[in-house]
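Down below is the structure, laid out as structure tokens.
The values are calculated or read from the model by the stated rules, or taken from the named source; none is laboratory data. Values in this document were obtained by computation on a predicted structure and should not be read as measured data. In this analysis, Cβ positions are derived from the backbone assuming ideal geometry, glycine residues included, and neighbour counts consider all displayed protein chains.
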Amino acid sequence: MAADDWAIVVGVWLYPALDNLRGPENDAVAFAEWLRDPDGGDIRTKRKTQIQLILSSDFHPPFAGADVAKPTRDGIERAFDRLEREAQKSQKKNKGLRVGRRLYLYFAGHGFAPMREEAALLTANATPSNLRYHVAGRAWANWFHKANYFDEIVLFMDCCQNSYSNSPINPVGYGDITGPKVGLRFFGFGTKWSKVSWERAMLDGKVHGVFTTALLNGLKGAAADPNTGIVNGKALREYLLNYMREFLSPEDRQNPDVSPEPDIPDLDNAGGLVFTQLTPPIFSVTLRLPAAAAGKTISIMDNKFVVVKSTAMPVGAVTPWKVQLKRGNYLAQVIGDGQGVPFDVSGSEPEPDGKTINL
């Protein structure tokens with residue numbers, strides 16, 4: 001996160017009048033930690049920085065009922081008020097209304113989307129019969145985009161998009177914006193319209209949203225260009241659309257209410273928006289070899305048919321071959337024994353063992 005970036009990160013898991021969730025707070029904290037990297041440190045001691053983190057646990061739960069549950073819409077939208085004040089300060093200094101380079105908006109919790117092109121986070125005081133308690137995440141992101149307070153707007157929402165058409169989206173913003181929209185937007189939603197977002201226990205032993213798990217995996221390297229290490233909007237979009245399903249259980253993939261793909265609209269030619277640049281990551285792959293491979297050479301070629309790895313198996317001894325590969329498409333073969341086995345390395349495979357290929 002650049003020095004002049006800002007972020008509002010919200011995780012709501014406790015809903016007295018709805019089903020509680022388990023993942024949103026874990027996800028919001030994990031996303032805030034990614035934003036703060038490489039500074040590190042305890043995110044709870046740095047609340048007065050440009051990352052505004054709002055969690056259910058901030059408000060001393062449990063709550064006696066929905067009427068006293070927090071965070072509420074007003075409580076969350078006060079974080080937007082801070083950005084408005086910053087814009088007015090900038091204008092008074094004759095610097096225009098610009099606040100910073102990029103605004104990150106991240107919301108995790110229950111949600112709904114009355115219509116396509118809408119998406120809202122339900123706040124803790126929402127009830128089945130009263131959904132007006134919500135933050136219109138997509139509408140707020142679009143308002144800040146129109147206001148040009150930032151050069152770029154990034155919105156991630158790990159929320160359901162149930163189509164409750166009788167519950168309209170709340171109005172947003174601080175007045176009409178009539179000027180030209182000059183900035184870029186990148187929006188990512190954990191599920192398709194009318195579908196549910198999903199959470200499950202992950203490898204760290206905690207429950208996380210499937211979308212956020214895939215998102216952070218991509219941002220931390222799985223979506224990086226294998227040669228430059230750059231994670232840009234185009235690469236992240238392609239990674240999430242292709243590989244979020246890998247983080248669902250086999251049973252979840254068969255659930256018709258769960259979309260195996262997120263909703264990542266292609267907006268404003270934001271494919272070149274750069275999230276981070278890393279040392280080009282490599283990933284673990286284990287090849288299990290047949291007994292007939294003893295005494296033979298095994299090779300791995302990339303998608304240009306260039307041999308990137310090879311090894312010779314001792315006569316009479318076949319053991320699994322463990323290698324490190326960049327993200328991409330490959331072909332493994334025992335030299336002289338036919339066609340070989342194609343496989344891809346996506347970066348979504350769990351470490352330390354990574355992907356396993358039966359040759």
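When region 96-142 is limited to residues that are in a helix (DSSP H, G or I) and not hydrophobic (A, V, I, L, M, F, W, C), the one that is farthest from the chain's Cα centre (by Cα) turns out to be 142. Consider residue 196 carefully, then state whether it is touching a strand residue (DSSP E or B) at 6+ places or on another chain (Cβ under 8 Å) and among the β-branched types (Val, Ile, Thr). Yes.
When 183, 190, 229 are checked against the criterion of being under 13 Å from the mean Cα position of the chain (by Cα) and not hydroxyl-bearing (Ser, Thr, Tyr), a single residue qualifies: 190.
Count of region 214-244 residues, restricted to those that are free of Cβ contacts under 8 Å to residues at least 40 places away in the same chain, under 16 Å from residue 192 (Cβ atoms) and surrounded by fewer than 18 Cβ atoms within 10 Å (Cβ to Cβ), is 1. Within region 143-167, the residues that satisfy the criterion of being touching a Lys or Arg at 6+ places or on another chain (Cβ under 8 Å), outside any strand (DSSP E or B) and within 29 Å of residue 19 (Cβ to Cβ) are 160, 161, 167.
Exactly one residue out of 111, 96 is assigned by TED's automatic domain parsing to the domain that holds residue 18, at positive phi and either touching a residue at least 60 places away in the same chain (Cβ under 8 Å) or surrounded by fewer than 22 Cβ atoms within 10 Å (Cβ to Cβ) (or both): that is 96.
Can you tell me which residue within region 256-298, out of those that are farther than 21 Å from residue 347 by Cα and free of Cβ contacts under 8 Å to residues at least 40 places away in the same chain, is nearest to the chain's Cα centre (by Cα)? Once the filter is applied, the top-ranked residue is 266.
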